[in-house]
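I have placed the structure first, in the form of structure tokens, so that the comments after it can refer back to it.
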């Protein structure tokens, strides 16, 4: 088990460096630079001075080495679009709305999806099964910006119950949370239904009945646990994906979260912010998969104990 | 168990298993698959009964029906009487049925490799069975589980208690399965092809174990098998089934020495390896009947050498032949 964890940590570090090189190269291969101006042209002399000041006149491998040396010391530089703070300060500030809305979206979507999937599996071919299928299919196929627009249209424009956008008072959170919840809910409803049906048809369920366990115990102690194992691996990566902010949801509801900065940092060649965002997501996904795999092994004795026969 | 005692008449051994005119059908899109078509048999306390038949003869389904282990729907069950230890299982509620299962009637299955929940240890699964029927501490239940594993001749039982199903062999798992089935002292054990999925070398050991335990525990045994050899070694009485019906019922001695029904005789002839294995392998010509479209009359008539016009149109009734023998055939 310890060897397994070490091996996985090593692979995370490798992934981190490979991703950093690829992103660094891709980022710099986009034509133009951060001080090209655009609306407000900058004189050539000023631009060259700025480039020199930020080391952008150096060869790429020097820039990369300098950047990574900074990363090792947890110095991610200063964002060009907001030079008054460090990249880490900006991330810390912008992450709050994304984490809150995305996290709450997961918190609402996952249990709802699991309940829906369970009900669908237990009452197969009933109205609730069809409802679950409809919710799952719509949730996964309708793009989130369409869902967001419909939510705004119904609850803000027509009914006037909730504010359409912004960040601040909790009632502004409700619509984006619903928008965030759709995909986890749909995914979990689908997975849960098929995993439960799969488990319910296993011969051991008949054995559990034959030995006189109550239906409740069979369901909660055995069927749910067996069905939940495959779902555990989905949870953390999905959480990272949701809680780092959706570009679309944040744009639709004008939430000042991380999603916005993804777009703006690429558009303005804000190299330090762009690198930091992508590296952060990479690390979080790596850790999420690592934890999921360890959790999966812990829940599943076939992996935890290997295939040894006694 | 105690709750059911008032049903048993005092002073005589009431049957533990009563099946009378059992019908089990599985409705399909194109008609009903009638798996069991009027089966009757019973089992007295401590008695051992073999149910022999080809796959699809309805032998497993009959046992699953009396344990109420068939999902209804899709299965449709009717019977004049279907009872375990005097309790009408057709009228019993879910709760009462769960109490009966395991404590009055236990069951072991064909494939031990898929019979345990893969995420719990063997010990946990035996302990939960004990605790489902009796209020004991986990510590006491674990001690009982350990004793049971030792009783089913598992070496190193303490280690097996903490093992997971994937770590054990099929023979080992079937022993553990038997231990689990016996954990609440059932009055009857249904063994549904308990050795079919096992190595030949292990089969004999498991059969011997079941036989010994039956004597030890004084429980009834219903051995469901397609193998007459298994029946010869383990039971007192045999029910021969074919096409969802009982063809013959007799003591194991009579079944082998003076079979009454042409199907039983055909089965006996087709046992391979008799007389030093020199005889040719004889098979019954034809195939077993399609349960969704069974033949009229006696289900065996298309394969029966003695069949005449009456066999093709009318099903013969069960005819008593004395000494507990009975058979359903026009040509007795």
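Key figures for this structure:
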quantity: Among the candidates A:108, A:100, residue that is within 15 Å of residue A:187 (Cα to Cα), surrounded by 14 or more Cβ atoms within 10 Å (Cβ to Cβ) and touching a residue at least 12 places away in the same chain (Cβ under 8 Å); calculated: A:108
quantity: Where residue B:124 falls short, out of the listed (1) buried (at least 21 other Cβ atoms within 10 Å of the Cβ); (2) within 19 Å of residue A:213 (Cα to Cα); (3) modelled with pLDDT of 90 or more; calculated: (1)
quantity: Residues being modelled with pLDDT of 85 or more and within 14 Å of chain B (Cβ to nearest Cβ) - total across the range A:275-310; calculated: 0
quantity: Test: residue in the range A:220-228 that is closer than 16 Å to residue A:136 by Cβ and within 12 Å of chain B (Cβ to nearest Cβ); calculated: yes
quantity: Entirely in the range A:24-143, the helices (runs of 4 or more DSSP H) that have 2 or more residues that are within 30 Å of residue A:230 (Cα to Cα) and in contact with a helix residue (DSSP H, G or I) (Cβ under 9 Å, 6 or more places away or on another chain); calculated: A:87-122, A:127-141
quantity: Residue list for the range A:1-10, restricted to those being in a helix (DSSP H, G or I) and either surrounded by 13 or more Cβ atoms within 10 Å (Cβ to Cβ) or modelled with pLDDT under 85 (or both); calculated: A:2, A:3, A:4, A:5, A:6, A:7, A:8, A:9
quantity: Subset of the range B:218-242 (residues that are surrounded by 24 or more Cβ atoms within 10 Å (Cβ to Cβ) and part of a loop (DSSP other than H, G, I, E, B)); calculated: B:235
quantity: Test for residue A:244: is it more than 14 Å from chain B (Cβ to nearest Cβ) and either in contact with a helix residue (DSSP H, G or I) (Cβ under 6 Å, 6 or more places away or on another chain) or surrounded by fewer than 19 Cβ atoms within 10 Å (Cβ to Cβ) (or both); calculated: yes
quantity: Criterion violated by residue B:161 - all others in (1) away from every other protein chain (no Cβ under 12 Å); (2) within 21 Å of residue B:209 (Cα to Cα); (3) without any contact (Cβ under 8 Å) to a residue 60 or more places away in the chain satisfied; calculated: (1)
quantity: Criterion: surrounded by 18 or more Cβ atoms within 10 Å (Cβ to Cβ) and under 23 Å from residue A:242 (Cα atoms) - qualifying residue of A:134, A:120, A:179; calculated: A:179
quantity: Residues of the range B:128-148 satisfying the condition of being over 30 Å from residue A:297 (Cβ atoms), assigned to a helix (DSSP H, G or I), more than 10 Å from chain A (Cβ to nearest Cβ) and in contact (Cβ under 8 Å) with a residue 24 or more places away in the chain; calculated: B:144, B:148
quantity: Selected residue [touching a residue at least 60 places away in the same chain (Cβ under 8 Å), within 12 Å of chain A (Cβ to nearest Cβ), assigned to a helix (DSSP H, G or I) and buried (at least 24 other Cβ atoms within 10 Å of the Cβ)] from B:177, B:107; calculated: B:177
quantity: Candidates A:122, A:140, A:150, A:107 - the one that is modelled with pLDDT of 85 or more and under 28 Å from residue B:71 (Cα atoms); calculated: A:122
quantity: Residue count for the range B:32-82, restricted to those that are part of a loop (DSSP other than H, G, I, E, B) and farther than 24 Å from residue B:186 by Cα; calculated: 10
quantity: Members of the range B:293-332 that are surrounded by 18 or more Cβ atoms within 10 Å (Cβ to Cβ) and assigned to a helix (DSSP H, G or I); calculated: B:301, B:303, B:311
quantity: Residue within the range B:260-276 that is more than 22 Å from residue B:226 (Cα to Cα), crowded, with 16+ Cβ neighbours inside 10 Å and modelled with pLDDT of 80 or more present; calculated: no
quantity: Check on residue A:13, surrounded by 11 or more Cβ atoms within 10 Å (Cβ to Cβ) and closer than 18 Å to residue A:272 by Cα; calculated: no
quantity: Residue count, the range B:110-127 (criterion: under 22 Å from residue B:162 (Cα atoms) and more than 7 Å from chain A (Cβ to nearest Cβ)); calculated: 10
quantity: Hits in the range B:83-104 - residues which are more than 9 Å from chain A (Cβ to nearest Cβ), outside any strand (DSSP E or B) and surrounded by fewer than 19 Cβ atoms within 10 Å (Cβ to Cβ); calculated: B:86, B:90, B:91, B:92, B:93, B:96
quantity: Some residue of the range A:202-216 being surrounded by fewer than 18 Cβ atoms within 10 Å (Cβ to Cβ), part of a helix (DSSP H, G or I) and more than 8 Å from every other protein chain (Cβ to nearest Cβ); calculated: yes
quantity: Residues of the range B:180-205 that turn out to be part of a helix (DSSP H, G or I) and touching a strand residue (DSSP E or B) at 6+ places or on another chain (Cβ under 9 Å), as a count; calculated: 3
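The values are calculated or read from the model by the stated rules, or taken from the named source; none is laboratory data. All values reported here derive from a predicted model rather than from experimental measurement. Please note: Cβ atoms are built from the backbone with ideal geometry, for glycine as well, and neighbour counts cover all protein chains shown.
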